[in-house]
Every structure is written in C-alpha cells, then in structure tokens.
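Enquirer: Would you mind keeping the following structure in view while I ask a few things?
Computed from the coordinates by the stated procedures, all read-outs in this text should not be read as laboratory data. Model, not experiment: these values are computed from the prediction. Methodologically, a virtual Cβ is constructed for each residue, glycine included, from the backbone with ideal geometry; neighbour enumeration extends over all protein chains shown.
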Amino acid sequence: MKRVLLPLLAIALLIGVWDLYVHIDHVNSYDMPAPTQVARALYDDRSTLWSNFLVTAQEIIFGITVAALTALVAAFTMHLSTTARLALYPPLVVSQAIPVVLLAPLFVLWLGFGLLPKLLVIALVSFFPLVVTTTAALQRVDPNLQKLMKTLGASRLQTFRTVELPAALPGLFPGAKLAAVFSVIGAVFAEQQGSTSGLGYLLMITQNNLQLPEAYAAVAILSAFAVALFAVLTVIERRALPWAYHPGR
Amino acid sequence: MPALAIHNVTYTYPRTGRKRPPTTALANVSFTAEPGQTLALVGPSGCGKSTLLELICGLLAPSEGHLDAEPAALTPQNDLLLPWLSALDNAALPLRLRGASKQVAREQAAPFFTRFGLQGFERSRPDQLSGGMRHRISFLRCLLAGKPVLALDEPFASLDAITRAEMQSWLTEALRAEPRTVVLVTHDVEEAVLLGDRLLVLSPRPGRVIADISIDLPHPRKRTDPQIMKLRAEALQHLGLPA
C-alpha cells in the first residue's frame with residue numbers, strides 16, 4: 001500500500017502547491033495554468049489527446065523494442081569480441097554526445113515525416129542506457145563459469161545460451177527503465193521536428209497558440225505514460241526474472 | 001594404467017604487460033594417480049594449485065613436460081550455480097549439454113537427489129539454499145558430467161567450520177557410492193588428511209612436489225585419531241608450519 005500511497009501523496013502535494021501558487025500570485029494562464037484548468041483541458045480535449053497519444057505511444061514502444069534488440073546484439077558482439085569492443089565502444093559514446101537536436105532534422109530530411117525518423121530518434125536516445133547496463137551485466141559473469149562449462153563439455157555456443165544470455169537479461173531491464181523515460185522526451189522532440197500528429201506535435205501547436213492548459217494536459221499524459229511504462233517493466237522484470245529480484249534491496 | 005600421469009610439468013603464465021614479467025606457477029611437477037584414488041594437494045597460497053587443476057582439466061596446456069589425464073570435470077571454489085535454474089536443473093546441466101531433453105535430464109538427475117540427501121530441494125533456486133546445499137549440488141553437477149576424474153578446487157573454503165566438517169563426511173560417502181579419481185586442492189591440511197588416499201605437499205611458487213605422503217587409513221576417519229593427527233603434523237612440518 002505504501003508503494004502506491006506515498007507517490008500519490010507526493011504528487012498531490014506538488015499539485016496543491018502549484019494550485020496555491022497560481023491562485024495566490026494571480027498567475028496568468030498564459031504563463032502557467034492552474035491544475036484545475038489542466039484537468040478541464042484533459043476532459044474537454046480527451047478525444048484529440050487520445051488519438052495523438054496512440055501515435056506517440058506506438059512510436060515509443062516500437063522505438064524501445066528496436067533499441068533493445070540492437071542493444072542486445074551490440075552488447076553481445078562487444079562481449080564476445082575484444083576487437084569489436086575496442087572498435088565500437090568509442091563511436092557509441094560519440095553517438096550519445098552528438099546532440100539529437102542536430103540529428104533529428106537530418107532524419108526528417110532523409111526519411112520524411114513518417115514513423116521512421118521518430119523511431120530512429122527514440123531508438124538513439126534509448127540505445128545507450130540499454131547497451132551500457134547489458135554490457136555491465138555480461139561483464140559481471142564470473143570468468144570461472146566459462147572454465148567450468150568447458151569442463152562440463154559445453155561448446156562456446158552452449159555456454160553462450162545457458163550462461164551469458166540469461167545473465168544479460170537482468171542488465172537489460174534497468175536500461176529499459178531508463179530508456180522508457182528518455183524515449184518519451186525523445187518522442188516529443190522528434191515529433192516537433194516534423195510531423196502532423198502525436199502528443200509532441202500537439203504540445204508544439206497548443207504552445208504556439210498559447211493554449212497552455214491543453215499543452216500541460218499533453219505533458220500530463222506523457223508523464224503518466226512514462227510512469228506506466230516504468231511500472232510495467234518492473235512487473236515484467238519481477239515475473240520473468242524472479243532470481244534477479246531481491247526484495248528489500 | 002594411471003588415470004592421471006604428470007611428467008615434469010612446468011607452467012609459465014605469459015607476460016601480461018610491459019612491467020609484469022612472465023610468472024612460473026609450477027616447476028617440474030611429476031606424479032601419477034591411480035583410478036579411484038583421492039589425491040589431496042596442499043600448499044601455500046599462490047603455489048600453482050589451481051593452475052595444476054586447470055592443466056588437468058585441459059583448460060591450459062603445459063609450457064614444458066607432459067600430461068596425460070582422463071577427461072576431468074571441475075568443481076570450482078565458489079559453487080557457481082546458475083541462479084536462474086532450479087537445483088535439479090543445475091545438477092542436470094551436464095546431461096542437457098550432452099543433448100538430453102529437459103525431461104530426460106531431470107529424470108536422470110532426480111535419483112541422485114534422493115541418494116545424496118537432497119530430496120525435497122529439487123525445485124529450490126540456488127539463492128534459497130544454504131551454502132552447504134549449494135556445494136552439494138555443485139558437486140553433483142560435476143559428478144553428472146560423467147568424467148572419470150573430478151578436479152575439486154578448494155570446494156569447502158567458503159563454508160563455516162561446522163558446515164565444512166559435515167561436507168567432508170558427506171563427500172566421503174558420496175565418493176564411496178560413486179567412485180572417481182579425485183584431485184582435491186585444499187589449503188586445509190586436516191581436510192587433506194581426512195579425505196585423501198595420498199597427500200602431495202607443494203612448495204611456494206613456483207610449485208614443486210616436496211612431499212608425497214600415502215594415507216592408508218579406512219573411512220570414515222576421525223580428526224581425533226592419533227594417526228590422523230600424526231600425518232597432519234608431518235604435512236604441516238613440510239609446509240614449515242608449527243604442528
């Protein structure tokens with residue numbers, strides 16, 4: 001119960017302070033709308049918000065999936081081959097250091113206004129945490145296990161399947177949780193570079209039209225979605241990898 | 001024909017960096033082990049005991065000399081059970097690696113759980129088991145590899161004294177039921193004398209055999225037996241330690 005109540009209480013407190021501030025200081029709704037106005041916008045524009053949410057959610061889920069698959073392949077390649085690790089790790093870091101601000105317009109230029117450039121931006125921001133945590137999990141595999149497996153008669157492929165692959169999974173989840181949050185920001189940004197739908201697009205036009213309650217409503221949905229993704233990943237992690245989940249840690 | 005024959009084996013680790021010269025871990029080691037014999041190896045830290053086991057298991061090749069060994073399976077110092085597999089599946093792992101289906105491997109491994117006092121723990125995950133239990137399963141896994149030689153690398157070093165004593169008598173029983181040629185590396189002279197048919201004492205690095213003591217005493221042995229205590233004193237003397 002505490003797990004649900006405490007965060008709800010914290011959020012309620014935050015909204016209360018926000019509401020109080022807007023009312024006491026008579027803040028103009030063009031500068032910052034009151035929570036009640038945002039709630040009204042959430043209700044009034046529910047069908048627009050929903051249809052645009054579906055677009056963004058789809059981009060994010062596809063993007064994270066693409067990132068997770070490529071991250072797994074990259075992490076394993078770097079784990080199995082020192083040459084690959086030496087060659088790939090620095091470019092990987094560079095890929096994260098190049099601001100997405102620079103890359104996103106290029107993606108739109110090359111790939112148009114469809115799903116693809118958004119997928120690429122989301123995958124790009126999610127890829128790095130996934131690779132880093134998966135690689136770390138693989139590095140934690142005891143080198144003596146490889147020796148042991150050899151004497152038990154395992155081939156390299158069998159060792160990979162029975163030891164390294166399962167050992168990498170607990171690394172994938174912390175990365176995916178980080179990616180879930182980054183990808184929401186990535187999706188908004190990608191949509192603002194060129195698109196005709198999605199919550200990021202909606203956020204941009206409502207902001208430009210000074211419809212701030214509507215813009216905040218879009219942000220509220222995006223935040224809720226990030227929290228939901230995070231929670232779903234946590235549940236899957238506990239169910240799928242009970243051996244890696246230690247309560248109380 | 002001996003199960004294990006080692007002639008003048010020297011092993012030198014290659015230099016790992018500019019400032020780290022090559023290290024010779026073992027120098028001119030020779031001994032043989034007959035099938036079914038338990039050979040206990042003691043020696044100071046860093047005398048190349050683990051290197052010797054890796055050579056026996058074929059994980060390393062001698063730099064010099066000649067080594068003839070029947071296939072050997074390794075039981076590592078830490079149990080190294082796979083945390084995502086049940087106790088039964090961990091023990092059955094070598095059967096799976098040889099191509100048995102999950103079902104068949106489990107059916108073949110299950111009787112060993114009953115024989116070795118592990119029944120009821122088949123479905124437990126390693127993190128739900130005590131240290132002693134995990135070592136039993138690790139040993140069972142090594143046994144089920146079906147290799148004639150077992151290489152045990154300080155198998156009980158991480159256990160507390162009481163659990164270790166329990167495990168020593170358990171291992172004696174297990175080996176009586178499933179005879180194998182065993183190379184037992186330990187830093188515990190008492191353990192070596194209690195479990196071994198023969199005791200080899202190695203010198204500090206580079207390891208050489210400095211004593212070969214045969215232990216012709218019936219099992220189970222008592223640590224308070226005067227003959228055991230005498231052999232223990234003899235081995236400690238070779239190691240340069242007060243008995």
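Enquirer: Can you tell me the alpha carbon radius of gyration of chain A divided by the globular rule-of-thumb value 2.2 N^0.38 Å?
Expert: Working: Rg = 21.8 Å, N = 249, 2.2 N^0.38 = 17.9 Å.
Expressed relative to 2.2 N^0.38 Å, the Cα Rg reads 1.22.
Enquirer: Which one of B:LEU184, B:LEU143, B:LEU55 has the biggest mean-square fluctuation once chain B is modelled by GNM with Cα springs under 10 Å?
Expert: Comparing B:LEU184, B:LEU143, B:LEU55 in the GNM, the peak value goes to B:LEU55.
Enquirer: P(r) of segment B:80-146 in 5 Å steps, Cα pairs, percent per bin?
Expert: 4, 21, 35, 27, 12, 2
Enquirer: From the Cα gyration tensor of segment B:59-174, with a ≥ b ≥ c the square roots of its eigenvalues, which class applies: rounded if a/c is under 1.5, or else prolate if a/b is larger than b/c, or else oblate? Don't skip to the end; give the middle numbers.
Expert: Values: a/c = 1.90, a/b = 1.22, b/c = 1.55.
It is oblate, given that a/c is not under 1.5 and a/b is not larger than b/c.
Enquirer: Kirkwood hydrodynamic radius (Cα pairs, Å) of segment A:144-249? Before the final figure, lay out the partial values.
Expert: Working: mean 1/r = 0.0588 Å⁻¹.
After inverting the mean inverse Cα-Cα distance, the result is 17.0 Å.
Enquirer: Continuing with this model, one more query. Within 10 Å of each Cβ in peptide B:72-83, how many partner chain Cβ atoms are there on average? Round it to a whole number, please.
Expert: Numbers: counts 1, 5, 7, 2, 6, 1, 4, 0, 7, 1, 7, 7.
Across the residues of B:72-83, the mean count of other-chain Cβ atoms within 10 Å is 4.
Enquirer: Let me confirm the definition first: pairs of Lys residues in the protein assembly as shown, 8 or more apart or on different chains, C-alpha distance under 16 Å. How many are there?
Expert: Details: A:LYS147/B:LYS49; A:LYS147/B:LYS147; A:LYS150/B:LYS147; B:LYS222/B:LYS230.
Taking the Cα cut-off of 16 Å, the pair count is 4.
Enquirer: For segment B:107-181, just say rounded, prolate or oblate: build the C-alpha gyration tensor, square-root its eigenvalues into a ≥ b ≥ c, call rounded for a/c under 1.5, and beyond that prolate if a/b exceeds b/c, oblate if not. Spell out each step's value before the answer.
Expert: Details: a/c = 1.56, a/b = 1.04, b/c = 1.51.
It is oblate, given that a/c is not under 1.5 and a/b is not larger than b/c.
Enquirer: Over all alpha-carbon pairs of the protein assembly as shown, lay out the pair-distance distribution in 20 Å bins, whole %, shortest bin first.
Expert: 19, 38, 25, 16, 3
Enquirer: Highest GNM mean-square fluctuation, chain B, Cα pairs closer than 10 Å: which of B:HIS135, B:HIS187, B:HIS66?
Expert: Fluctuation is largest for B:HIS66.
Enquirer: Based solely on its DSSP helices, what 222 nm [θ] is calculated for chain A when runs of n ≥ 4 H residues each add -39,500 (n - 2.57) and the sum is averaged over all residues, nearest 500 deg cm²/dmol? Present the calculation step by step, with values, prior to reporting the outcome.
Expert: Details: 11 runs with 202 residues, N = 249.
Calculated from helices alone, the mean residue ellipticity at 222 nm is -27500 deg cm²/dmol.
Enquirer: Measure nothing but the geometry: give the 0 to 90° angle between the long axis through the Cα atoms of A:35-44 and the longest principal axis through the Cα atoms of chain A, rounded to 10°.
Expert: Here the helix axis deviates by roughly 80 degrees.
Enquirer: Turning to a different aspect of this structure: Where the centre of each part is set by its Cα atoms, how far does segment A:172-240 sit from segment A:123-162, in angstrom?
Expert: That distance is 32 Å.
Enquirer: Using alpha-carbon positions, what is the distance between the centroids of segment B:135-153 and segment B:1-80, in Å?
Expert: So the two Cα centres are separated by 18 Å.
Enquirer: In degrees, nearest 10, range 0 to 90: what is the angle between the Cα axis of helix A:199-208 and the longest Cα principal axis of chain A?
Expert: 30 degrees
Enquirer: In peptide A:148-160, what is the residue-averaged number of other protein chain Cβ atoms found within 10 Å of each Cβ?
Expert: Partner Cβ neighbours, averaged per residue: 6.
Enquirer: Apply the a/c threshold of 1.5 to the C-alpha gyration tensor of segment B:137-243 and tell me whether it is rounded, prolate or oblate. The partial results should precede the final answer.
Expert: Working: a/c = 1.68, a/b = 1.37, b/c = 1.22.
Prolate.
Enquirer: Another question, if that's okay. Can you tell which of A:ILE221, A:ILE24, A:ILE98 shows the greatest fluctuation in a Gaussian network model of chain A with Cα springs below 10 Å?
Expert: It is A:ILE24.
Enquirer: Another question, then. For the Cα atoms of chain A, what angle does the longest principal axis make with the long axis of helix A:115-139, in degrees from 0 to 90, nearest 10?
Expert: Long axis of A:115-139 versus the principal axis of chain A: about 40 degrees.
Enquirer: Which three extents, in angstrom, do the Cα atoms of segment B:190-243 have along their principal axes, listed largest first?
Expert: 34, 21, 13
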